[in-house]
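To start, the structure itself, in structure tokens.
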Amino acid sequence: MSALLDLVIGPFAEFDFMRHALVGSLALSLGCTPVGVFLLLRRMSLMGDSLSHAVLPGAAVGYLIGGLSLPWMAGGGMIAGLLVALLAGLSSRRTRLDEGASFAGFYLLALAGGVVIVSKWGNSVDLMNLLFGSVLAVDDPSLILVAAITTVTLLWFGWHYRGLVLDSADPTFLGQGKSVMRYHLGFTVLTVMNLVSGFQAMGTLMAVGLMMLPAATARLVSRTLPGMLLTAWLVASASSVIGLLISYYLACPSGPAIVLTAGVAYLGALLVSPGGAGTAKASAL
């Protein structure tokens, strides 16, 4: 038993970078999971995936201007993500395309543009870092950013919880006034913020994994919205710890190891709950 504890605790007790990675991953889990759960309930899963790719060109431009400067990369990623969300929303309202198709078009454009920017003016190492990140390279400024975004996310959800649940369960219930726009815009901004904090550790391709896979797992095994939120957080946190240990002992990339662990949990939930657990919308009230 003590040998097993040493295997689990040893890397985090011995190395600062492992402790930084653990704290950052757990903070990401706390902020990303409620966003992922509500993306599922609002049938906006594609938006989360699209925005995670949309962050890339902004982060790439920020990197080219300021190097590995956190304000430049995070600021560029935030601007790019919000711009894609705005353009996709305008496109869906002014054309025949629905919002999902608009997001798909703009995120592919953004992803291709980001890859071209980094490939032309950077190098393959820069591209790999932006696409896949490195949890083990999370430093103090990155932890502060993740903690700040997680705090803002939890405060916003706490303040707007009931209205967001109503809007997710029945979008027509609150009408089409300013309150609906406040929930939709606020939720979109929070999604971009959490993806920006996630790409620092997971990269633009992996950031959405910690957001959506635990949420999907929770949707399969939980019957109430509070249960889904708790389950998603537990799955994301456990995946972070196990993924970091796998990365440490097997010398594999940390971000993909965490997402792969969350994916295994999702596959397990599919096997034990083939029929799902029913909807959680009405139970949340």
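For the reader, a short list of remarks on this structure follows.
- A protection proxy built from the mean count of other Cβ atoms within 10 Å ranks the segments 102-113, 186-197, most packed first, as 186-197, 102-113.
- Among 44-57, 151-164, sorting by the average number of other beta carbon atoms lying within 10 angstrom of each residue, highest first, gives 44-57, 151-164.
- Each part gets one Cα centre, and for segment 185-200 versus segment 202-268 those centres are 18 Å apart.
- Global geometry of segment 5-88, whether rounded, prolate or oblate, following the gyration tensor of its Cα atoms and the 1.5 cut on a/c: oblate
- Highest average packing first - 230-237, 30-37, Cβ atoms within 10 Å: 30-37, 230-237
- Added length on full extension, which subtracts the Cα-Cα distance from 0.36 nm per residue, Asp16 to Ile65: 14.7 nm
- Rg(Cα)/(2.2 N^0.38 Å) for segment 201-253, N = residue count: 1.26
Every read-out reported here was derived from the displayed coordinates using simple, explicitly stated rules and does not represent laboratory data. Model, not experiment: these values are computed from the prediction. Positions of Cβ are generated from backbone atoms using ideal geometry, with glycine treated the same way; all protein chains shown enter the neighbour counts.
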